[in-house]
Amino acid sequence: LDGRQLNGLSQASMYGDDATVATNYPIVRLRTASGRVVFCRTSGHSTMAIATGSLPASTTVAVPAEIENGPAELAVVANGIASPPCSTTVVGGVEPARGRKSFRTVGSRPMAVPRQSTAKRGLIATIGLGLRYVACGFYFASNWAAQLTCAETEKKAYAQCTQTRDEGYQHCTETRDNGYRQCTETRDEGYDRCTQTRDEGYNQCCTWWPCSWACDAWVWVSNVVCVAWTWVSNVVCVAWTWISNVVCVAWTWISNVVCVAWTWIVATVCKAFVWVMKLVCP
């Protein structure tokens, strides 16, 4: 078989010495009158050069013996691209099937058709694309605004949590100090009242024995009970004030932890919303 540029215009994926997978080998394709397509092996190439231009080249074609005789189309395929077909006649094969007397010409085309141009969009597709760009612009603007809102809200929320915590601790301290002060004042007033009641009792006691002895003893016992009751009341008051302060501090701490956790959850949801919006319109 004689022709030009039988090896195509490139070696396709051949490069260097570690990927010798060149495909610039000519393959002969025969299409018989009945429409049967047969690919024939080639050998004995006069050259393996590519893009030889107008220089003639030749190769030996091995035609299968079972191909039918008669008119056929011959095309040379290199790198998956077929040449324009030419007419030939097959001899030495088998007799063709009955019913076909003439050759039906079938157009030839490359095995892989290269893409010539991008897809054309109609009016509706163009309008849809424009709306998509407008929507993407809106999404990006929303992302920017939402991100600023997330950061600003998180910052203000953490500052509010800190302020509320400090105010709570200060309120606990003031309440504790007022409680201790009230306990001290109540204790001192109790001691003064016990002393006054004792002195008045001694002055009112009778002067003759044994009445005076019994009266003095009763006043002394009453004073001891009064002082003891005042002391116990002061201990209870101080203990209650301490417990109240511990509860106040604990409640303030728990409230601050809840405030910080809630702020983190809200900020995380906000950031996740921004991330989803960026995925919707990358």
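The values are calculated or read from the model by the stated rules, or taken from the named source; none is laboratory data. Predicted model only: the values in this text are computed from it and were never measured. Cβ atoms come from the backbone with ideal geometry, glycine included; neighbour counts cover every protein chain shown.
General remarks:
- The set of residues in the range 1-21 being surrounded by 12 or more Cβ atoms within 10 Å (Cβ to Cβ), modelled with pLDDT of 70 or more and part of a loop (DSSP other than H, G, I, E, B) consists of LEU1, GLN5, LEU6, ASN7, GLY8, LEU9, SER10, GLN11, ALA12.
- All positions within the range 25-57 that are aliphatic (A, V, I, L, M) and in contact (Cβ under 8 Å) with a residue 24 or more places away in the chain: ILE27, VAL28, LEU30, ALA33, VAL38, MET48, ALA49, ILE50, ALA51, LEU55, ALA57
- When THR175, THR195, THR164 are checked against the criterion of being at negative phi, more than 58 Å from the chain's Cα centre (by Cα) and not acidic (Asp, Glu), a single residue qualifies: THR195.
- Hits in the range 203-253 - residues which are among the aromatic types (Phe, Trp, Tyr) and in contact (Cβ under 8 Å) with a residue 60 or more places away in the chain: TRP240, TRP242, TRP251, TRP253
- Complete set of residues in the range 163-179 that are in contact (Cβ under 8 Å) with a residue 40 or more places away in the chain and more than 16 Å from VAL247 (Cα to Cα): THR164
- Residue match in the range 132-153 (condition: of a type outside the set (S, T, N, Q), at pLDDT 85 or above and closer than 30 Å to TRP253 by Cβ): no
- Among the residues of this structure, SER212 counts as one that is part of a helix (DSSP H, G or I), more than 50 Å from the chain's Cα centre (by Cα), modelled with pLDDT under 95 and over 30 Å from ARG181 (Cα atoms).
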